[in-house]
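Undergrad: Take a look at this one; I'll ask things after.
The values are calculated or read from the model by the stated rules, or taken from the named source; none is laboratory data. All values reported here derive from a predicted model rather than from experimental measurement. Glycine gets a Cβ as well: all are built from the backbone with ideal geometry, and neighbour counts include every protein chain shown. The accessibility values were calculated without ligands, DNA or RNA, using every heavy atom of the protein model including side chains. Shrake-Rupley method; radii C 1.70, N 1.55, O 1.52, S 1.80 Å.
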Amino acid sequence: MKEPILKVRDLAVEFATYGGHVKAVRGVSFDVFPGEILSIVGESGCGKSVTLQTLMGLIPCPPGRVTSGSAFLGDRDLLKMSRQEMESVRGKELGMIFQDPLTSLNPTMSVGAQISEVIIKHENLSHKAAFKKTVDLMKLVQIPEAEKRWGQFPHEFSGGMRQRIMIAIALACRPKILIADEPTTALDVTIQGQILELLKQLQSEINMSVILITHDLGVVASVSDRVAVMYAGQIVESGSVKEIFGSPAHPYTAGLKSAIPNPLKTHQTVLESIPGSPPDLFSPPTGCAFAVRCKSAMKVCLQSDPPPMSLDKTSLRADRFSKCWLHHQYAPLALKEKALHA
Ligand code: SF4
């Protein structure tokens, strides 16, 4: 069994606001293995971006605050690193690409200079060597006429090409893990496909791991090896892409899956949706956060937050679980009781 290169345990993050403390991430644990694509999926505001930005040391503190947890990259805890240590890790060991390449790139610098800057900072190369490496990277991410376009500015590139530049910056020092935060959301559908294909190709060429944050299940299905489903600041289900799509165990995952439009159902006029809205994270509920929206909710669901329940029969895999009372050994009895009193 492979050893994970990143181990996140019991991560909790909150933000101080005038209205109180928002508990944005509530006890998140996951592993990232070498050479895999792990997708973290969930609706807006579920805490997926905050989780990854915390690992990169990018949340502003204050108002943000890590209230518990650890995140070991090898034998170093990312959450205990000084600002200087974190700067040497960012770019070199952890790369990140953001949702909107236009606002993430510096409009006053040529794209080539922005890629070279990372190489010069982390690899101590001469400007000439950095230029050559930058051109190679631009070719790797399929920018045509790379030498000529080195000196052009972000506004001279299309949305898809700008995202390729962001990927080149993130890959400049061949990071162990690339974090891609909704990398295709701002792009049109055909360009989305090209960028995902490029990410997958680069991931296998360089053998790096990718953590992909998205709310698009189509994207998840096409590129991921494993999936973690987040809801209200917690991971509620985790498994391989086949398990999550083939046999979703948590009612929220099942709801997300059934909300995907089916092009084969030509008579379908109403799209399925999950009724209700996520809970207020100023004061999260005592029981299961999904209870008020869940058709299978039982009495226990309102009283107690379910722990992650293993769905792996061999019990060897910690990454196949559902955080739902339905998977408790006594759940069938509770359901029967509910039916009797219905
Ligand atoms: Fe539904 Fe209860 Fe499972 Fe929560 S724990 S998802 S309320 S069945």
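Undergrad: Name the helices (runs of 4 or more DSSP H) wholly inside region 163-277 in which the number of residues that are without any contact (Cβ under 8 Å) to a residue 24 or more places away in the chain and over 20 Å from the mean Cα position of the chain (by Cα) is 1 or more.
TA: On the way: elements: 189-206, 217-223, 241-246, 251-258.
Fully inside region 163-277 and qualifying: 189-206, 241-246, 251-258.
Undergrad: Residues that are touching a Ser or Thr at 6+ places or on another chain (Cβ under 7 Å), modelled with pLDDT of 85 or more and β-branched (V, I, T): does region 170-193 have at least one? Let's see the steps before the verdict.
TA: If we filter region 170-193 for residues that are touching a Ser or Thr at 6+ places or on another chain (Cβ under 7 Å), which is where we start, we get 176-177, 181-182, 192.
Filter again for modelled with pLDDT of 85 or more, leaving 176-177, 181.
Filter once more, keeping what is β-branched (V, I, T): 177.
Yes, region 170-193 contains a residue that is touching a Ser or Thr at 6+ places or on another chain (Cβ under 7 Å), modelled with pLDDT of 85 or more and β-branched (V, I, T).
Undergrad: A further question on this structure: Assuming Q99 fulfils every condition listed in (1) under 28 Å from R320 (Cβ atoms); (2) in contact with an Asp or Glu (Cβ under 7 Å, 6 or more places away or on another chain) apart from one, which condition is it?
TA: Unmet condition: (1).
Undergrad: Run down A249, A232 and say which single residue is more than 9 Å from the ligand (Cβ to nearest atom), at positive phi and aliphatic (A, V, I, L, M). Break it down stepwise before answering.
TA: Numbers: A249 fails: at positive phi.
Every option except A232 fails the conditions.
Undergrad: I need a count of the residues in region 21-36 that are open to solvent by less than 40 Å² (accessible area, probe 1.4 Å) and assigned to a strand (DSSP E or B). So that I can check it myself, show each step before the final result.
TA: Going through region 21-36, the residues open to solvent by less than 40 Å² (accessible area, probe 1.4 Å) turn out to be 22, 24-25, 27-28, 30-33, 35-36.
When the remaining residues are screened for being assigned to a strand (DSSP E or B), the result is 22, 24-25, 27-28, 30-32.
Looking only at that region, the number is 8.
Undergrad: Give me a count of the residues in region 127-162 that are part of a loop (DSSP other than H, G, I, E, B) and either in contact with a strand residue (DSSP E or B) (Cβ under 9 Å, 6 or more places away or on another chain) or under 18 Å from G91 (Cβ atoms) (or both). Steps first, answer last, please.
TA: To start, the set of residues in region 127-162 that are part of a loop (DSSP other than H, G, I, E, B) comprises 141-145, 150-153, 157-158.
With the extra rule that they be either in contact with a strand residue (DSSP E or B) (Cβ under 9 Å, 6 or more places away or on another chain) or under 18 Å from G91 (Cβ atoms) (or both), the set shrinks to 141.
So the answer is 1.
Undergrad: Which one of these does F282 not meet: (1) modelled with pLDDT of 90 or more; (2) within 14 Å of the ligand (Cβ to nearest atom)?
TA: Result: F282 passes all but (2).
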